[in-house]
Structures are given as structure tokens and as C-alpha cells.
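Data block below; observations after.
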Amino acid sequence: MGSICLGAVQRAAQFDAKAIREYLLKRGLLPEYIVRYCYRPFDFRWIYWEPETNLLGRKSPDYFPQVFDENLWIEAREKQPKENFDRGYFVRVLADNFGNDFSSYTPLYLKKEVSLFNQNTEEIHSNLSDLAQSYLEHFEASEQDIFYHTLAILHDPLYRHENSGALRQDWARIPLPDRRETLIASANLGRQIAALLDPETPVPGVTSGKLRPELKPIAVVSRVGTGNLDPNTDFALTANWGYAGQNGVTMPAKGKVSDRPYTAEEQTAIAEVVEQLGTTTHDIYLNDIAYWKNIPNRVWDYTIGGYQVIKKWLSYREQELLGRSLKPEEVMEVTSMARRIAAILLLEPELDANYRVVKQSTYQWTKGT
């Protein structure tokens, strides 16, 4: 066990490794607690969530029961010191903390146990205040409309810029429009953002079907020189993207990045959107042979929750840490990630226009509300 996970057999301040291991061996595995898990943005894994002991450090007993198929979540942080606001990640699954300190995950729905005729059952209701409910009733809109509207506003660069001071000091305040059609249009933008942020949701034109012309040349898996890549020998991530730091914590490293201008073919494909993607591009190397060709600089620099997304993903998969080469589907995951981020950046003009419409005509609450 020590060779697989040393931390699981080492005693800590709130973790009696020997006693907990003996208890778990006696009790046995609880298969229903093996769940999908968002470890970092775009980095989905599986985790065994232990409900009874301190195997995971903190059990978060109020959080786990609220993670169910129908629920939707937005990640946030109360304050954003010394960094630009880059919160608002969307998840459907159990998720970890992003960045330093703790993330907060706000659910759309809440589940509680109720007793009907002495039989326990579960009731699901929206996680909205009475005022928010009355707002939705007034416009005959749904709780999902206000959720996705919030997501759209949080991802708008103009909103982030105009409210940067407030976002550094407190929770985000979201303006609500005074027209149903504005709310629905904003919510539809939020749905696009949600699909792009969820690596398990295929997005036509971005990750599935016929690719959009401006996205097709982004992050193409390529080989130095001539010939084809061999998945059995050429997909080891050895370009120094990460290493084991103190107590085995994964630390990011410099990696191998080649900065360059766009080729003529790449320039033609993104000519109309080059300002949104970045005026230069990068080739990002797995090793000395294989690389992802053409990741525009704004895509490469894109952060969520304090992380440079693609670079963070790579840091955990350095061969020395992972213990194996990348699988072909993992190599393609970087391509999909880059195209998803590019598609988000390409939505910025629409997000800006949406925010301008919303803030120019906000809902007027009655006196005392």
C-alpha cells in the first residue's frame, strides 16, 4: 500500500493511518461511493469518497449528498486577492478546490429527506430565494434560465473588468434583466459556456462532427520531421511539465514551448478572429518527437480558478509522475481542451454585447426588497 499511496499509510495530525486502515479492511468497500470527480478544470477522474473516516481529510458531509445527476454547480470564491477574476467554472460532478484556499460550489438544486406517512423519501427543490422565485414567476422563466444567465455574466470579460474591484472583495453580484427575452438570450449563451466547460459533453463543430474552420487547425497532434506517430512509443510526456515536490505534491515545471508566428494556412483560417485568439501561437511538446501544433497564445494562457488550464493538466501527466505514456485519447483530450477554450474566447463579443444589454435595463425591485 505504501508503494501505491504513501500518504494513506502515514500518520498525520487528524489521520490515524493504522486505525483507519484496520477499520476499512474490516468494514469493506462501499462501491456506490466510487464517483466521477473534477480534480482541476477540464481534469476529470474517479475518486473513492469515504463517508465514515478521515481517509480524504475532510468528508464534506453536506456537500456529497447534493451531487446527483440532475444537479448543476458553479464554482466561486468570496474574494479574489491579487489575481484577475477567473471563477465561474461549471460542473455536474463532485469537485475539488481550485487554487489556494477553498472553493465554494453553488448548486442549482437541493435535496432533502422528508417523511411521508412515516416513510422517508427525498425532495428536490431549487436553490433560490423567494425573491428570485418571484422574479422567475414574473417572466414565466425557469430556475435553469437564471442559473445559465449567471454563468454567462460571470464569463463575460467586460463584466469582469468593470467590476474587478468589487470581485476582489466580495461575492459576485449578477444584474438581472427586466425583459424575458433578454434573460432567455443570456441563458442560452450560458448554456453554450456550460457545454464548452464540461469535457464530457460533446460540442458539435468544436469537439464532434464537422469542425468549425477556425478551430480545426488548433492543437493538431503532429510529429517533428516526416513519418507517422506511433502511439506505442511516441506519446510519453517527457518534456518536463511537472515533478514531485514536498510530500509528493505535483509541482508545475517549464515544459517545452516553441513560440512562433502563425503559418499562412493558420493565419487564413483565423483571420477574422485573430484578435480574440491571440496574434502569435505556440507548439507544445510532449517529447522530442511529438507535439501539439498551433495553440494560440490566448488559449495557452487561459486560466480558470487560478490555473493556466492546459499547462496544469500536463503537469500531472509527466511520465515520471504518471508511470506510463499518455494514451491516444489523452493526447486528443489536449486538442479538445484547446478547441473548447478557443470557442469560449470566440464567444467574448457576444458575451460583452449581452452584458451591455442586461446592465442598461435591469430589473427594478419594489421598495423594501
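Among the residues of the range 264-287, write down those that are of a type outside the set (A, V, I, L, M) and in contact with a Ser or Thr (Cβ under 8 Å, 6 or more places away or on another chain). Full working, then the answer.
Of all residues in the range 264-287, those of a type outside the set (A, V, I, L, M) come to 265-268, 272, 275-276, 278-283, 285, 287.
Selection gives GLU266, HIS282, ASP283, TYR285, ASN287.
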* To do: Tell me, yes or no, whether the range 334-344 has at least one residue that is more than 15 Å from the chain's Cα centre (by Cα) and modelled with pLDDT of 95 or more.
  => yes
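At pLDDT 90 or above, surrounded by 13 or more Cβ atoms within 10 Å (Cβ to Cβ) and farther than 28 Å from ARG317 by Cα - does that describe any residue in the range 52-62?
Taking every residue of the range 52-62 in turn, none turns out to be at pLDDT 90 or above, surrounded by 13 or more Cβ atoms within 10 Å (Cβ to Cβ) and farther than 28 Å from ARG317 by Cα.
Matching residues to (1) without any contact (Cβ under 8 Å) to a residue 24 or more places away in the chain; (2) surrounded by fewer than 18 Cβ atoms within 10 Å (Cβ to Cβ); (3) in a helix (DSSP H, G or I); (4) acidic (Asp, Glu):
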{"site": "ARG317", "(1), (2), (3), (4)": "no, no, no, no"}
{"site": "ALA342", "(1), (2), (3), (4)": "no, no, yes, no"}
{"site": "LYS359", "(1), (2), (3), (4)": "no, yes, yes, no"}
{"site": "GLN364", "(1), (2), (3), (4)": "no, yes, no, no"}
* To do: Filter the range 249-274 for residues that are surrounded by 11 or more Cβ atoms within 10 Å (Cβ to Cβ) and either outside the structural domain of LEU321 (by TED's automatic domain parsing) or small (Gly, Ala, Ser) (or both) and give the result.
  => ALA253, GLY255, SER258, ALA269
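Matching residues to (1) assigned by TED's automatic domain parsing to the domain that holds ARG173; (2) part of a loop (DSSP other than H, G, I, E, B); (3) β-branched (Val, Ile, Thr); (4) over 16 Å from the mean Cα position of the chain (by Cα):
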site: ARG21; (1), (2), (3), (4): no, no, no, yes
site: LEU25; (1), (2), (3), (4): no, no, no, yes
site: THR53; (1), (2), (3), (4): no, yes, yes, yes
site: PHE68; (1), (2), (3), (4): yes, yes, no, yes
* Asked: Looking at GLN10, GLN14, which is the one that is more than 25 Å from SER315 (Cβ to Cβ), surrounded by fewer than 13 Cβ atoms within 10 Å (Cβ to Cβ) and among the polar types (S, T, N, Q)?
  -> GLN14
* Asked: Going through the range 252-285 one residue at a time, which ones are aliphatic (A, V, I, L, M) and under 30 Å from LEU321 (Cα atoms)?
  -> ALA253, VAL257, ILE284
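State whether one or more residues within the range 257-264 are in contact (Cβ under 8 Å) with a residue 40 or more places away in the chain and out of contact with any Pro (no Cβ under 8 Å at 6 or more places or on another chain). Write out each step before concluding.
If we filter the range 257-264 for residues that are in contact (Cβ under 8 Å) with a residue 40 or more places away in the chain, which is where we start, we get 257.
Filter again for out of contact with any Pro (no Cβ under 8 Å at 6 or more places or on another chain), leaving 257.
Taking every residue of the range 257-264 in turn, at least one turns out to be in contact (Cβ under 8 Å) with a residue 40 or more places away in the chain and out of contact with any Pro (no Cβ under 8 Å at 6 or more places or on another chain).
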* Can you tell me which residues in the range 255-303 are more than 15 Å from THR335 (Cβ to Cβ), more than 24 Å from the chain's Cα centre (by Cα) and in a strand (DSSP E or B)? -> SER258, ASP259, ARG260
* Considering only the range 2-61, how many residues are of a type in the set (Lys, Arg) and touching a strand residue (DSSP E or B) at 6+ places or on another chain (Cβ under 8 Å)? -> 3
* Asked: Which residues, taken from the range 35-79, are in contact with a helix residue (DSSP H, G or I) (Cβ under 8 Å, 6 or more places away or on another chain) and at positive phi?
  -> PHE42
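If we keep just the residues of the range 66-101 that are without any contact (Cβ under 8 Å) to a residue 24 or more places away in the chain and more than 26 Å from SER142 (Cβ to Cβ), which is surrounded by the fewest Cβ atoms within 10 Å (Cβ to Cβ)?
Per the criteria, the residue is LYS82.
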* Within the set of pairs 6+ apart or on separate chains, which have a first residue in the range 46-60 that is within 19 Å of VAL9 (Cβ to Cβ), a second that is part of a loop (DSSP other than H, G, I, E, B) and modelled with pLDDT of 85 or more, and C-beta atoms under 6 Å apart? -> LEU56/GLU50
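Each row is one residue, and each column tells you yes or no for (1) part of a helix (DSSP H, G or I); (2) within 25 Å of the chain's Cα centre (by Cα); (3) of a type in the set (A, V, I, L, M, F, W, C).
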residue: TYR105; (1), (2), (3): no, yes, no
residue: GLU113; (1), (2), (3): no, no, no
residue: GLN133; (1), (2), (3): yes, no, no
residue: HIS138; (1), (2), (3): yes, no, no
residue: ALA141; (1), (2), (3): no, no, yes
residue: GLN144; (1), (2), (3): yes, yes, no
residue: ILE184; (1), (2), (3): yes, yes, yes
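Just to be sure, is SER142 more than 23 Å from GLU75 (Cβ to Cβ), small (Gly, Ala, Ser), surrounded by fewer than 20 Cβ atoms within 10 Å (Cβ to Cβ) and at pLDDT 95 or above?
Details: more than 23 Å from GLU75 (Cβ to Cβ): no; small (Gly, Ala, Ser): yes; surrounded by fewer than 20 Cβ atoms within 10 Å (Cβ to Cβ): yes; at pLDDT 95 or above: yes.
No; evaluated as a whole, the condition is false for this residue.
The values are calculated or read from the model by the stated rules, or taken from the named source; none is laboratory data. If you're wondering where the values come from, they're calculated on a predicted model, not measured in any experiment. In this analysis, Cβ positions are derived from the backbone assuming ideal geometry, glycine residues included, and neighbour counts consider all displayed protein chains.
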